[in-house]
Structures are given as C-alpha cells and as structure tokens.
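For reference, the structure discussed in these notes is given below.
The values are calculated or read from the model by the stated rules, or taken from the named source; none is laboratory data. The structure presented is a predicted model; accordingly, all values stated were derived computationally and were not measured. Here the Cβ positions follow ideal geometry from the backbone for every residue, glycine too, while neighbour counts run over all protein chains shown. Side chains are part of the model used for accessible areas, which takes the heavy atoms of the whole protein and leaves out ligands, DNA and RNA. Shrake-Rupley method; radii C 1.70, N 1.55, O 1.52, S 1.80 Å.
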Amino acid sequence: MSQRLNILIIMVDQLTGTFFPDGPADFLHAPNLSALAERSARFGKCYNASPLCAPSRAAFMTGQLPSRTGVYDNAAAFPSDLPTYAHHLRRLGYRTALSGKMHFVGPDQLHGFEARLTTDIYPADFGWTPDYTRPDDRIDWWYHNLGSVTGAGTAEITNQMEYDDEVAHFGIQQIYDLARAGDDRPFCLTVSFTHPHDPYVARRTFYDLYPDGIPAPRVPAIAYDDQDPHSQRLMRASDWQNYPIAEADIARSRRAYAANISYLDDKIGALLDTLSACRLDDRTAVVFCADHGDMLGERGLWFKMSFFEGSSRVPLMIAAPDMSPGLVEDPVSLIDVTPTLADLAGADMSSVAHWTDGETLLPFIEGSRRETPVLMEYAAEGSVAPMVSIRQGRWKFNHCAVDPPQLFDLDADPSERTNLAADPAHAETVTMFTNEVHRRWNLATFDDAVRQSQARRHIAYEALRNGAYYPWDFQPLRRASERYMRNHLDLNDLEESTRFPRGD
C-alpha cells in the first residue's frame, strides 16, 4: 500500500452488524453501501470493544480496551495522553479532521484531530455518570426508556436529523477543501453520524421505502422472569414496566430504523460521489463501521449495553486501491481498526503495537486466519460490576463476578437461544474460557477502578455545577472574515484558488 494513501472513515451510531452479514442485508434499501460492499473487504463478524457509545469510540480510536483507556461509560473522561489513530497518522504527516460525533468527554475535544468541523451531539461533561453504589436507581433524565419504541414513526426534522444533515454538509465541504488546498499531505477525514440511533423516527421519504416493514425479531420477547440477570437489569433501566410494547410498536420501530439506514445511505453516497468528483477516489481508502449495534426487540431487549449479537456485533468494511474485496469469516474487533489504519498508511508498526490491544487486519484480508480471541468489556449503566466477553472461533463466553456465566455456540445457535454454560457436555470449554478470563483480567481491580472513577466524577460534577458553569462542549470556529469573498484577498486569486478542478 502507498504511504500517501488518503483515508475516509465513515462511522454510524447503533447499527447492528446482524443487518450486515456480508454487506447490507437484502431487505435494506442501501444502494451506496451495497456498491461499497462490492469493492470492500467485509468483516461479517466484527465486534465492538464495549457496547456503548463513548467506551466503544475511545477503544476504536485508541485500539485499547476500556480497562486501559479508563473510558468505562458515557461520562468518563478520555485522557489526552492516549494516542489515537489521529495522532498516529498525524505523526506521519497526515491532515486529520473530524465531522460529527465521537463522544469525547473532558476538556480535550480533539484527541489528535487537526480540525473539528462540528460540535458533538452529546454533552462532554460528567453528568451521565453511573453509580455502582446505587444499583437499583434509575436516572430518568438521561437513561434510555422505551418511549423511543412506543413513539416510533415519521418526522421531517428531528434533533438527530438536524445534526446528521450538518455532519454530511461539513464532511462534503471538507472533501472539496482537501481537493483544492494545494497541500501534498495525505488526509484522514472521519465523518461520524448519529443515526440510526434511537429514537426510531425517520423522514417519510425513507420510511416509505419499506411499505411492508422489515423482518420481525428472530427471537421473540422473553418474559422478564426468564431473562438472564443482566438483561433484567437492562429492562429495568429502560423502564419497561411503564412502556408496554405492542407488536405494532416493534414493527414501526424496526421500519423506522431501516429507513434511517437508507437516510444514511443517501448521505454516504453523497460523500463518496464528492470524493469521486474531486478525483480522490483512486487514492483513498474508505472505512465504514458503527460503534455498536441495537437489539431492536430481539429477546424483548432494545438499544445496546449487552454482549448479545444484536448489540455487540457491528458492520465493518474496508475498500482501498489494490485491496481484494471479499468476506473475512473470522471474528475481528473495532480495536483492530487503529493498527490497520497505521498499516495502510505505512507506519512503523512496532511503534504502534505498544499502544493497541488490536492487530492489523491486512493479513486477514489477504487470507491469513486469525488465531487470537476478540475481547469485549462492559462497565456502564445497567451493570453492577464489570462484565467481560471472549469471542473466539465458534464460541462466545460472557463472564461477570455477580452473574452466572454464558456460553454460546454461534455456529450452531446464531440467535443465542441456548446458554451452554451449565451443560456438563461443555464443562471443559467453560473451564478453558474461565481460566482465560482470569489470565487476562483482574476483575476485582477492574471493579475498584470503575468505582473510584465514578466516585471522583460525581464529586467533580456536583462541584462544577455549583455556581458558574463552563461546559467542555466543542465550539466550532467559523472564521467568517476568511470565508467566500473578503478584502484580504485579491479577487482574481480567490476565484482561481477556490475552483476545483482547474481548467475543466
């Protein structure tokens, strides 16, 4: 791969990988993503490092698990001294820019990006900190509830549509600016959308693409008393008893979710068309992924925060010049993306290896088999102690100090209907994975670190909200005096320098 390869990363929010077994599922109207899939290496078994926005995104950017980043939940500060792919690439001379969401918490709102084009959609302070000392409390003002399901339907504008319309606009504008800048440096542009994250509300034009809806959940709702302990906690966290869900609510929510995938597909098509129009497509790698999935009514569960496939499995596709398209069957992780980007850019991988728990995906694209397991962690709302998961081969093993273990054979049971952990026939496999958990994690130390982090943040947030308050939310700088036509520029130079391509 050329060391001058440009990189465009397109990230979406809460898009389940179960809808991308090998590119977009047949029932989705996603022509641009389907076209991208045809020329991509497709990872049908990709998992996040933690099934929640901020922990997953921090892990994605650093290549490190939450137990190393300290970003345990949606209100944990992202340390400035953790190298991200933006740092690694910027050291190599790349221009790095972000349009959209990355859910940075704390005063550093750049984390290696040279330019940030929009604000974030979520707050950057400690207000959403969970509390392990109050496991039964539901914090209504920021916890999810199932009103997103009962209120599903259509609208022409929402908070999230307004945001993603802006993200796409500035992403496209940045591609134009990169093309006409006259700068020989390669670029890494990240465009990160908030859809199809709930609430499940879509524009009518996309909703009408699915007059018959989409397939129903494969696993029907499971009664609360029959759910595993963590799923019960998630049901309580989503206030399930106050929002009875009818079949029509499920169908409408899933239809709107699919419609929002089509909405994103439209915007992704515009980004890729702009890349092509600017004659950058033949020297740009394109990465498409999501931070986590959505249960979408499977098992009676919604949103994320679970190691079940709907929540933890995400789409990942990579297209690049000279890269062979095709399906990679082995499980991989989002934390593999940072070392992969460094590898694509021609970095010295020994200098990156210390800073990542992941591994470059390029050998697997070229046909090598993965031997190492995929690891996941969760220590945020809905949990009362850190949870860990190992995905390897046909198996997924979930472990938590306060819950019974779970073992699923995903080859024989892709819907995870049967927990094999208590089956004597699988005792040896359970023992093997249990030993692996204890080899890789000190769960008591992990739990103590999470509790200390929560306690510090609760004190800091209470203090910072007492009196004058200065939030850390990113404020995009718009240099109006340098936009369009101003008196510091010669008009002839301006018209020539802002036209691209020249001479056509």
Every residue from the stretch 402-422 that is in contact with a strand residue (DSSP E or B) (Cβ under 8 Å, 6 or more places away or on another chain), in contact (Cβ under 8 Å) with a residue 40 or more places away in the chain and in a strand (DSSP E or B): ASP403, GLN406
Unique residue being touching a residue at least 24 places away in the same chain (Cβ under 8 Å), in contact with an Asp or Glu (Cβ under 6 Å, 6 or more places away or on another chain) and not aromatic (Phe, Trp, Tyr) when the list is LEU8, LEU28, LEU33: LEU33
Residue satisfying all of: in the stretch 464-481; assigned to a helix (DSSP H, G or I) and loosely packed, with under 10 Cβ neighbours inside 10 Å; nearest to the chain's Cα centre (by Cα) among these: ALA480
In the stretch 83-99, residue farthest from LEU65 (Cα to Cα) [restricted to those that are part of a loop (DSSP other than H, G, I, E, B) and open to solvent by 20 Å² or more (accessible area, probe 1.4 Å)]: GLY93
Test set (1) touching a residue at least 24 places away in the same chain (Cβ under 8 Å); (2) more than 22 Å from LEU8 (Cα to Cα) - ALA248 fails condition number: (1)
Condition check for HIS399: open to solvent by 80 Å² or more (accessible area, probe 1.4 Å), within 30 Å of the chain's Cα centre (by Cα), without any contact (Cβ under 8 Å) to a residue 60 or more places away in the chain and under 17 Å from SER389 (Cα atoms): no
Residue selected from the stretch 29-51 under the condition farther than 18 Å from LEU271 by Cβ and among the hydrophobic types (A, V, I, L, M, F, W, C), by the criterion surrounded by the most Cβ atoms within 10 Å (Cβ to Cβ): ALA49
Residues (among the β-branched types (Val, Ile, Thr), open to solvent by 30 Å² or more (accessible area, probe 1.4 Å) and either at positive phi or in contact (Cβ under 8 Å) with a residue 12 or more places away in the chain (or both)) located in the stretch 154-213: THR154, THR158, ILE172
Residue count, the stretch 320-369 (criterion: in a loop (DSSP other than H, G, I, E, B) and either under 27 Å from ALA35 (Cβ atoms) or more than 21 Å from the chain's Cα centre (by Cα) (or both)): 20
Search result, residues across the stretch 131-153 that are of a type outside the set (D, E, K, R) and either closer than 18 Å to GLN454 by Cα or open to solvent by 60 Å² or more (accessible area, probe 1.4 Å) (or both): TYR132, THR133, PRO135, ILE139, TRP141, TRP142, TYR143
From ASP239, ASP249, ASP265, ASP226, residue being closer than 30 Å to VAL384 by Cβ, crowded, with 16+ Cβ neighbours inside 10 Å and of a type outside the set (A, V, I, L, M): ASP249
Residue that is farthest from ASP266 (Cα to Cα), among those in the stretch 182-201 that are more than 17 Å from the chain's Cα centre (by Cα) and among the aromatic types (Phe, Trp, Tyr): PHE187
Residue tally, condition of a type in the set (Gly, Ala, Ser) and under 18 Å from ASP140 (Cα atoms), over the stretch 204-240: 2
Helices (runs of 4 or more DSSP H) enclosed by the stretch 1-82 - at least 2 residues per element that are under 30 Å from ALA179 (Cα atoms): 31-38, 53-62
Tally of residues being in contact (Cβ under 8 Å) with a residue 60 or more places away in the chain, outside any loop (DSSP other than H, G, I, E, B) and closer than 30 Å to GLY127 by Cβ across the stretch 423-453: 6
